[in-house]
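Structure, as structure tokens:
The values are calculated or read from the model by the stated rules, or taken from the named source; none is laboratory data. As the structure is a computational prediction, the values presented were derived from the model and not from experiment. Backbone-built Cβ (ideal geometry, glycine too); neighbour counts: all protein chains shown.
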């Protein structure tokens, strides 16, 4: 479904979409026009650092980011949102791409402990994305 929705809106015939993620996309392969990079265990600040170091070509029309789940246990929702904000700034400084975030996923293993934090975080992420035009 993602491939269909993204491909209908793309105009860049060479490199259309870059997906940067924690481990959840490690088995995603062969999406036409997309490059996928998965980093098991990565958190937001470490992904931002990789972007800062110039390890990715962000000359795509879209950059899809799925990260944050690994920050849930160690940071408060406002701290995670501040990290998301820094990540948005980092990508915007290095590319004119359209940025998309996926919501932070609840994990069954610790949903009883962190479920409310995940919901709070996702509400905040939605507001942040609207404010930053992401």
Subset of the range 26-44, residues outside any loop (DSSP other than H, G, I, E, B), surrounded by fewer than 19 Cβ atoms within 10 Å (Cβ to Cβ) and touching a residue at least 24 places away in the same chain (Cβ under 8 Å), comes to 35
So how many residues does the range 75-115 have that are modelled with pLDDT under 90 and in a strand (DSSP E or B)?
-> 0
Is there a residue in the range 64-71 that is part of a loop (DSSP other than H, G, I, E, B) and closer than 15 Å to residue 25 by Cα?
-> yes
Note on residue 83: of the conditions (1) surrounded by fewer than 13 Cβ atoms within 10 Å (Cβ to Cβ); (2) within 16 Å of the chain's Cα centre (by Cα), unmet is (1)
